[in-house]
Every structure is written in structure tokens, then in C-alpha cells.
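The values are calculated or read from the model by the stated rules, or taken from the named source; none is laboratory data. None of the values given here were measured: they were computed from a predicted structure. In this analysis, Cβ positions are derived from the backbone assuming ideal geometry, glycine residues included, and neighbour counts consider all displayed protein chains. Ligands, DNA and RNA are stripped out before the accessible areas are found, and what is left, the full protein with its side chains, is counted by its heavy atoms. Shrake-Rupley method; radii C 1.70, N 1.55, O 1.52, S 1.80 Å.
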Amino acid sequence: MAMSPAPRWEHAVVTGGSGFVGSHLCAALLADGTDVTCVDDFSTGRRANVAALLDHPGFRLLEADVRRPFEVDRPPDLVLHFASPASPADYLRLPLHTLETGSLGTRNALALAHDHGARFVLASTSEVYGDPEEHPQSERYWGRVNPVGPRSVYDEAKRFGEAFTTAAARARGTDTVIVRLFNTYGPRMRGYDGRAVPTFVRQALAGEPLTVTGDGRQTRSLCYVSDTVRGVLAAAGHGMRGPVNIGNPAEITMLELARWIARLTGSNSPIRFVERPVDDPAVRCPDITLARDKLQWRPLVDAEHGLRRTIDWFRSQEAQQARRAPGGAGAADPAGHRAHPSGRAA
Ligand code: NAD
């Protein structure tokens, strides 16, 4: 399938650029010749994620909390708003921060884009669909979200962010696009962030039981991070406003995923069933017809390859830690963030 050539941006601002997806986005933009200012408060991101970019002449790191208005030292022509706690462990630990980043942070990032006439990309999420009655989920589906459940701090913040972005486009003419990312995985995820892939990989490598929530029949669709980044940049370079789903329609149950990761790691870890989180969606699968038709985008990395790359990265991190602290930390969370006490995976 032919890919449309992405325009060359001069200067992109990536909020949340030190996080998992944001750091891959920064690297892809730099590789494409775009200068990047990464704006991050390190509430859930890691400096190590962008350490390799610090020597790049086109890269700037601005430590700032986007809940307050912020400026950058050069006008951007692209603003990608990715700042937000994203894993259940993080947003349950940071409920007000999550709501404020999705609301005030979105307002401030939109203002930056508007003031400089820049294109604005909102990183929204499949969580706006909640626990869906429609399957797979297309952009036309409005979702089923519990506004007062524990997950609402994330889901509603993103829904508000979408509303704010749409209003800014309509009322002020800001050039915006909303991308709804489905579950993305890959290197730089944190082993204790509570999401399924890093949780299972960490547990499998440590020889611990793999904690599958509920009966494990709930499904997710996993998109490798390089595919997600390509999709985001394709949407940035297209005139569309979205929302547009970016995800991999290959659907898998959490039990299958746990067994798959156990096999790929060569682990003998047993499966342990644990309590399912409140309002956990039963199914999740993107309809990507719009992205295919408008952006000529589709995911290219299959789960076997993506999982192998992710496992290799986790192994390399463990080896580094072991060298630093012989007999020590194993897969400890370097950022000091621990999963929800149940140890459950998303
Ligand atoms: P992440 O936690 O690794 O990254 C988020 C980054 O935002 C971190 O570096 C964090 O320090 C930063 N941040 C948070 N609040 C901030 C604030 N107030 N000011 C400045 N920086 C702040 O999460 P991720 O998985 O990389 O997700 C990135 C974005 O993509 C999020 O907006 C998330 O909602 C969206 N998303 C991710 C996925 C996924 O599967 N990873 C799926 C759907 C949507």
C-alpha cells in the first residue's frame, strides 16, 4: 500500500515527550528532520527515555507541567499533545493530575498551537468508547463511559479534551486533529505500570505467576509502538480533523496474551487469576477503515515480532540493572511507580 509522503515540519512540540509513546514520537520526528521540543513534568515519564536524544542538535527538553500555561523558545508549526498519565496504575494514583492534564493541559497546548498557527494533534484514546456495546469500535460510536467510576478520571479527561479540541477548531479556527489510540505496546513501557504486556513480560522474566484479571476472556487489540507513531504522524500530515482510530484490529484475549508471552519468554510461570478492575472493558478492537482510506495507514508489525522486540528490550534493561546492582533490583520499576496493590494487568 502506498504511503503518502509526510510533510517536513520545522519544529514540533511534543507534550509528554518523555513518556513511552512520546519518546518514540520525538525520535521519529528528529529522524525525519524535524526539530523537537519535548515538554514533560516527569510525573510518569522517564528521563532515560529521551537520554539518547539529548545530544541531538534539534532536540530540546523543557521540564514543565502543562497544567500551567507554557511557552517554548521557538515557534512550533506542530504541537502533539501527549502529556497524560495513561496506565491504570498511574491514573488511579494521580486522579486529579490526570483530569487537570486532560482539561487545563489540553487548553494550554491548544493555546500554544493557536498562537503560532501550528497544527495540533490530540492524543485521545479508545477509552473514550468505555465498555462498548458496539464491536469493533468505529469513530461514529459515542461510547459507554461510567462518569463516576474509578477509570472516569482518565476516560472523561480524554472525552473533555476531545470536546475542547473540537470547540477550538470550530470557535477559533485552530488546525486540529484527534487521534484515538488503541492499546500500544513496545520498548520503554514500565514493568510496573499495570498494563498487560509489560506486566506479563516482567512476571514471566522473573518466573512469577502471570496475573490475568477476571477469567481472561476480555480482549484487547495491541498495536506496536512504531505503527502507532506512523499513524499519528500520518494524521498530523493530513488535513483531517478526526477523530481517527489508530490501532491494530488483531484482537486477542488476555489469557491468550499471557500464554503467548510465557511461550516467547520460555517461562514456566503459571497463570494466576486475580480480581478484574471496576469498569474494565470486556472487548476492545478498532475499526480502522477511516485510517486506511484517508491516511493509507495500517499496522505493519505483527504481534509475534512486536512482542519479541519488547521482550528483548525488557531483557536488556534487566541486564543493565543487574550490571549496576549485582544481585539487586531485577525488574524493579526505575521510576519508583508501583502497580495497583492487586498487581492486576489492564
Ligand atoms: P506515559 O505515562 O508513558 O507518558 C505520558 C507522559 O506525559 C509522561 O512522560 C509524563 O511524565 C507526561 N505528563 C503527564 N502529565 C503531565 C503534565 N501535567 N505536564 C507535563 N507532562 C506530563 O504514557 P503513554 O502510554 O506514553 O501515553 C502517551 C499518550 O498517549 C497519553 O496521552 C495517553 O493517553 C495516550 N494513549 C496511549 C495509549 C497506550 O496504549 N500507550 C493508548 C491510548 C492513548
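With respect to residue 230, is the statement that it is open to solvent by 20 Å² or more (accessible area, probe 1.4 Å), within 16 Å of the ligand (Cβ to nearest atom) and of a type in the set (D, E, K, R) true? Judged against the criteria, residue 230 is a match. Among all positions in segment 286-295, there is no residue which is more than 30 Å from residue 164 (Cβ to Cβ), among the polar types (S, T, N, Q), out of contact with any Cys (no Cβ under 6 Å at 6 or more places or on another chain) and assigned to a helix (DSSP H, G or I).
A single entry from 291, 250, 303, 282 fulfils the requirement of being open to solvent by less than 20 Å² (accessible area, probe 1.4 Å), touching a residue at least 12 places away in the same chain (Cβ under 8 Å) and small (Gly, Ala, Ser): 291. How many residues does segment 4-46 contain that are over 27 Å from residue 298 (Cα atoms) and more than 17 Å from the chain's Cα centre (by Cα)? So the answer is 1. Here the condition is being modelled with pLDDT of 95 or more and either in a loop (DSSP other than H, G, I, E, B) or of a type in the set (Lys, Arg) (or both); of 323, 309, it holds for 309 alone.
Only a single item in (1) open to solvent by 10 Å² or more (accessible area, probe 1.4 Å); (2) modelled with pLDDT under 95; (3) touching an Asp or Glu at 6+ places or on another chain (Cβ under 8 Å) is not met by residue 195, and it is number (3). Picking from residues in segment 131-180 that are among the small types (Gly, Ala, Ser) and buried (at least 21 other Cβ atoms within 10 Å of the Cβ), the one that is nearest to residue 277 (Cα to Cα) is 157.
The residue pairs whose first member lies in segment 202-216 and is without any contact (Cβ under 8 Å) to a residue 60 or more places away in the chain, whose second member is small (Gly, Ala, Ser), and whose beta carbons are closer than 9 Å, counting only pairs six or more residues apart or on different chains, are 216/258. Tell me which residues, restricted to segment 251-294, are within 18 Å of residue 222 (Cα to Cα), at pLDDT below 90 and hydrophobic (A, V, I, L, M, F, W, C). Those that are within 18 Å of residue 222 (Cα to Cα), at pLDDT below 90 and hydrophobic (A, V, I, L, M, F, W, C): 282, 283. Could you tell me whether segment 78-85 includes any residue that is among the hydroxyl-bearing types (Ser, Thr, Tyr), open to solvent by 10 Å² or more (accessible area, probe 1.4 Å) and touching an Asp or Glu at 6+ places or on another chain (Cβ under 8 Å)? Checked against the condition, which is being among the hydroxyl-bearing types (Ser, Thr, Tyr), open to solvent by 10 Å² or more (accessible area, probe 1.4 Å) and touching an Asp or Glu at 6+ places or on another chain (Cβ under 8 Å), segment 78-85 yields no hits at all. Scanning segment 35-55 for residues that are of a type in the set (Ser, Thr, Tyr) and near the ligand (Cβ under 9 Å from one of its atoms) returns 43, 44.
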